[in-house]
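These notes concern the structure reproduced below.
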Amino acid sequence: MSDRITPLVMPKWGLEMRQGTVAGWLVDEGTRLEVGTPVLDVETDKISNAVEAPDPGLLRRKVAQQGQTLPVKALLGVLAEPGVSDAEIDAFIASYVVPAAGSDEAEAAEAYAFAEVDGLRVRYARRGLERGVPVLFLHGFGGDLGNWLFNIAALAEVAPVIALDLPGHGQSDARLPGASLAELAGFVARFLDRLNVERVHAVGHSMGGAIAAQLARDHAPRVASLAVFGSAGLGEEVNVDYTRGFVDAASRRELEPVVELLFADRSLVNRALVDGLLKYKRLDGVTELLGTLHGALFEGGRQAAMPLRDLAGKPLLVVWGAQDRVIPAGHVQHAPAHATVHVFDDAGHMVMMEKAGEVNTLLRSHIGA
């Protein structure tokens, strides 16, 4: 019975997600779906996003209702061809059991770990395969490894994955090893030494893209390939309304419009996302640390260094959202000639969140090549 039916289930976006709330269905029963078709919107405690069809098929039944909060892997809907009877679908739904949290071995691999590097305690996560060149995810200014919540699991299916909270970010110590790109890239290299990782596919967003590029310049043997998203390091301009605004915002009222600059679709910014960032900003020393980093890298709305320009010798993927309001999408014109460039019309600075399915396909192809 079940081999003729495809369940649509609550996804697990990020290492911390345990449940999601159905915000609304995007298609009707009887709709023919292709792989990647957005089917319904789900809101988490981090961000809202669309659940996509995992396989082609006909949406025969909506099981979850708008407003319902359900655990990860709960049944949301059923895909089946017309030859499958309603009775078979009813039986499938009646017999479906949500796997208990922590029941599979993958759950154990989701725990965060901490490492001490140069006297700094940093948080990281490791997922995926045991063999192969790891994919190293580096987040942007004011972010953390949770910025890759829609990407980590998809890449972990084909490669080892490491995601890091850079110093002064997330749950890493609120201290910097230095504020220049060279100092930050050197720290990342020593972090890899601490984990006994010789070589990585470096993947960076915004400031993290510039750090990844600097790592490729200063520690070339450590970087097998490079992929950057809305990256610093290609052009001078940066929106100081975001960078300085993020540093200075001290309340939810001040921070929310700043965070909205990150997305083409501002409705993706929910209260929990803003509250989480505000909690981070209120940690001792964080505001001063971000101010120092901003002064070194983005003072006056100008980027201090361009490590991505003329970067040769590495496979390079450059991805942008055309509606990026933090770093202009026009910077792709400065990408090295050998780079593979993709610009998504309907995405902003957080392109890896807003176009997660397409981005994951690009990344898997990139590291596979």
With the first residue restricted to segment 262-283 and required to be assigned by TED's automatic domain parsing to the domain that holds H139, and the second required to be of a type in the set (S, T, Y), Cβ contacts under 8 Å at 6 or more apart or on different chains are L262/Y242; S267/S48; L268/S48; N270/S48; A272/T44; L278/S251; K281/T287
Scanning segment 284-302 residue by residue, those in a loop (DSSP other than H, G, I, E, B) and either surrounded by fewer than 21 Cβ atoms within 10 Å (Cβ to Cβ) or outside the structural domain of H169 (by TED's automatic domain parsing) (or both) turn out to be D284, G285
| message | Criterion first (assigned by TED's automatic domain parsing to the domain that holds G230 and more than 28 Å from K355 (Cβ to Cβ)) does L181 satisfy it? | response | no
Residue hits (segment 1-42; modelled with pLDDT under 85 and charged (D, E, K, R)) are D3, K12, E16, R18
Q.
Condition check: in contact with a Leu (Cβ under 9 Å, 6 or more places away or on another chain), farther than 16 Å from G143 by Cα and among the small types (G, A, S). Does S231 satisfy that?
A. no
Of the residues in segment 328-369, those that are buried (at least 19 other Cβ atoms within 10 Å of the Cβ) and of a type in the set (S, T, N, Q) come to N360
For segment 16-37, pairs from a residue that is assigned by TED's automatic domain parsing to the domain that holds T6 and on the phi > 0 side of the Ramachandran plot to a residue that is in a strand (DSSP E or B) and not charged (D, E, K, R), with Cβ under 9 Å and 6 or more apart or across chains, are G24/L40; G30/L58; G30/L59
Over segment 76-96, the set of residues in contact (Cβ under 8 Å) with a residue 60 or more places away in the chain and either under 34 Å from the mean Cα position of the chain (by Cα) or on the phi > 0 side of the Ramachandran plot (or both) is L76, G77, V78, L79, A80, E81, F92, Y96
Residue pairs within 7 Å by beta carbon, gap of at least six or interchain, first lying in segment 191-211 and more than 13 Å from R131 (Cα to Cα), second surrounded by fewer than 24 Cβ atoms within 10 Å (Cβ to Cβ) and polar (S, T, N, Q), listed first then second, are H201/S225
Selection from segment 331-362 of residues in a loop (DSSP other than H, G, I, E, B) and under 17 Å from N239 (Cβ atoms) yields A347, G348, H349, M350
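Matching residues to (1) β-branched (V, I, T); (2) surrounded by fewer than 18 Cβ atoms within 10 Å (Cβ to Cβ); (3) in contact with a Cys (Cβ under 8 Å, 6 or more places away or on another chain):
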residue	(1), (2), (3)
R32	no, yes, no
D41	no, no, no
T44	yes, no, no
V51	yes, no, no
R60	no, no, no
Q66	no, yes, no
Reported set for segment 120-155 where residues are surrounded by 20 or more Cβ atoms within 10 Å (Cβ to Cβ), in a loop (DSSP other than H, G, I, E, B) and not small (G, A, S) is P134, H139, F141, D144, L149, F150, N151
For L215, indicate whether it is surrounded by 24 or more Cβ atoms within 10 Å (Cβ to Cβ), under 23 Å from R121 (Cβ atoms), modelled with pLDDT of 95 or more and out of contact with any Ser or Thr (no Cβ under 9 Å at 6 or more places or on another chain). yes
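The values are calculated or read from the model by the stated rules, or taken from the named source; none is laboratory data. Only a predicted model underlies this, so the values are computations on that prediction, with no experimental measurement involved. Backbone-built Cβ (ideal geometry, glycine too); neighbour counts: all protein chains shown.
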